[in-house]
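The values are calculated or read from the model by the stated rules, or taken from the named source; none is laboratory data. Only a predicted model underlies this, so the values are computations on that prediction, with no experimental measurement involved. Glycine gets a Cβ as well: all are built from the backbone with ideal geometry, and neighbour counts include every protein chain shown.
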Amino acid sequence: MVVIMKERASEPQIQAVIAQLMDMGYDVHRSTGANRIVLGAVGGGHGDPQIVEVQDGVQEVHRISVPYKLASRTFRPENTVIAIDDVRIGGDEVIVMAGPCSAESEEQVEASAAAVKRAGAKVLRGGAFKPRSSPYSFQGLGEPGLRMLRAAADRHGLKLITEVMEISQIELVAKYAHVLQVGARNMQNYSLLRELGKARAPVMIKRGISATIEEWLMSAEYVLAGGNTQVMLCERGIRTFETYTRNTFDISAIPVVQQLSHLPVIADPSHGTGRRDKVAPMARAAVAAGADGLIIEVHCDPDHAKSDGAQSMFPAQFERLMAELRIIAPAIGRSLCVEPVARRGWNR
């Protein structure tokens, strides 16, 4: 259930209601809404909600019928905004995260970071631990890759997002990354999600390849229930019977999730299509649909990339896309980063 306190409810009144809910067997999560406190009661509690409703300072009590209690808009009507210094994910600005699929060398990481910064990205993406379908594929550089990525991000004033694959990696990855990414294969790795609930770093959860929207939101609920409120979701395409593209990019999921949940929604048109020539149109469509951000693969030499080269954009293509997005975003009341520092030719 959700308990909405009166606007002028005192702290002793709030604590008394929290104690009442805990006595009823609930775990209580506190959130600050518009000028008032909202208490989310989750878990296997018992008792009559009217007992809570008559407590001093209580405005109203609502039952939440959906299983994702903390991720729902009933618990938090306002959008969650995740602030990482001056980068605000979920606010008015569409935040773009870009970079190579994998860190391969210091030169490659540096060139990619410089290119995406020049075009206007705010966050560098790149993998150091790579979950690959084949055990013979490039698996990432591990901690040396993390060092390369963070050093390049710092040099260019970017934040860093990278994937964490298992519990044992959380502490290590959190030393370098500003955002911890849960990949599609791990969306339902509940042990990992529980541990990320204890982390203090923001977490981005990619939608599983065959996951429903409710299953996706339930994965976010695991992290929220652990106490980490800095959660964002990433639509990266789902598996259907279509084989022309790598996945079927579900743009409709963006407005659906935004209606159901207060969490920011990021779109990944690179994995969503798997084709370099389809990334730009899907990125434009995602922003038009209301995505809070994009995560895009960019490589200075994608034809020789060690992973996902076919879906990685050339820097010039990415720069042109950013210019197009600056036209689209204001049309729906959003903004994008100011014009890049330097403009290069768009001949690829």
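Just wondering, is there one or more residues in the stretch 247-254 that are of a type in the set (Asp, Glu) and closer than 24 Å to VAL42 by Cβ?
no
For the subset of the stretch 105-145 comprising residues that are of a type outside the set (Gly, Ala, Ser), within 19 Å of VAL182 (Cα to Cα) and under 20 Å from the mean Cα position of the chain (by Cα), which member is surrounded by the fewest Cβ atoms within 10 Å (Cβ to Cβ)?
It comes out as PRO131.
Mind listing whichever residues of the stretch 230-246 are under 25 Å from GLY40 (Cα atoms) and either modelled with pLDDT under 95 or in contact with a helix residue (DSSP H, G or I) (Cβ under 7 Å, 6 or more places away or on another chain) (or both)? Break it down into steps so the answer makes sense when it comes.
Within the stretch 230-246, the subset under 25 Å from GLY40 (Cα atoms) is 230-234.
VAL231, LEU233, listed by residue number.
Kindly check whether there is at least one residue in the stretch 2-18 that is polar (S, T, N, Q), under 30 Å from VAL256 (Cβ atoms) and more than 28 Å from the chain's Cα centre (by Cα). Lay out the reasoning, then the answer.
As a first pass, look at the stretch 2-18 and keep what is polar (S, T, N, Q): 10, 13, 15.
Adding the requirement that they be under 30 Å from VAL256 (Cβ atoms) leaves none.
Among the residues of the stretch 2-18, not one is polar (S, T, N, Q), under 30 Å from VAL256 (Cβ atoms) and more than 28 Å from the chain's Cα centre (by Cα), which makes the answer no.
Could you count how many residues in the stretch 180-198 are within 14 Å of GLU221 (Cα to Cα) and not hydroxyl-bearing (Ser, Thr, Tyr)? Can you show your working first?
Filtering the stretch 180-198 for residues within 14 Å of GLU221 (Cα to Cα) gives 182, 187-198.
Checking the rest, the ones that are also not hydroxyl-bearing (Ser, Thr, Tyr) come to 182, 187-189, 192-198.
Here the count works out to 11.
Considering each of GLU195, GLU221 in turn, give the residue that is closer than 15 Å to SER72 by Cα, charged (D, E, K, R) and modelled with pLDDT of 95 or more. Don't jump to the end; show me each part of the working.
Details: GLU195 fails: closer than 15 Å to SER72 by Cα.
The conditions single out GLU221.
Let me confirm something: among GLY333, GLY290, GLY274, GLY309, which residue is of a type outside the set (Phe, Trp, Tyr) and touching a His at 6+ places or on another chain (Cβ under 7 Å)?
Working: GLY333 fails: touching a His at 6+ places or on another chain (Cβ under 7 Å); GLY290 fails: touching a His at 6+ places or on another chain (Cβ under 7 Å); GLY274 fails: touching a His at 6+ places or on another chain (Cβ under 7 Å).
Of GLY333, GLY290, GLY274, GLY309, the one residue that is of a type outside the set (Phe, Trp, Tyr) and touching a His at 6+ places or on another chain (Cβ under 7 Å) is GLY309.
Does MET148 qualify as being assigned to a strand (DSSP E or B), touching a Gly at 6+ places or on another chain (Cβ under 9 Å) and crowded, with 17+ Cβ neighbours inside 10 Å?
In short, no.
Residue by residue through the stretch 247-256, note down the ones that are crowded, with 19+ Cβ neighbours inside 10 Å and in a loop (DSSP other than H, G, I, E, B).
ASN247, PHE249, ILE251
Does any residue of the stretch 84-104 turn out to be of a type outside the set (Phe, Trp, Tyr) and more than 29 Å from TRP216 (Cα to Cα)? Walk me through it before giving the result.
First pass over the stretch 84-104, keeping only residues of a type outside the set (Phe, Trp, Tyr): 84-104.
Among the residues that remain, those that are also more than 29 Å from TRP216 (Cα to Cα) are: 104.
Within the stretch 84-104 (the criterion being of a type outside the set (Phe, Trp, Tyr) and more than 29 Å from TRP216 (Cα to Cα)), the answer is yes, since at least one residue qualifies.
Please verify whether ARG275 is basic (Lys, Arg) and either within 21 Å of ALA331 (Cβ to Cβ) or free of Cβ contacts under 8 Å to residues at least 24 places away in the same chain (or both), treating the condition exactly as stated. Give the steps one after another, and end with the answer.
Details: basic (Lys, Arg): yes; either within 21 Å of ALA331 (Cβ to Cβ) or free of Cβ contacts under 8 Å to residues at least 24 places away in the same chain (or both): no.
So ARG275 does not fit the description; no.
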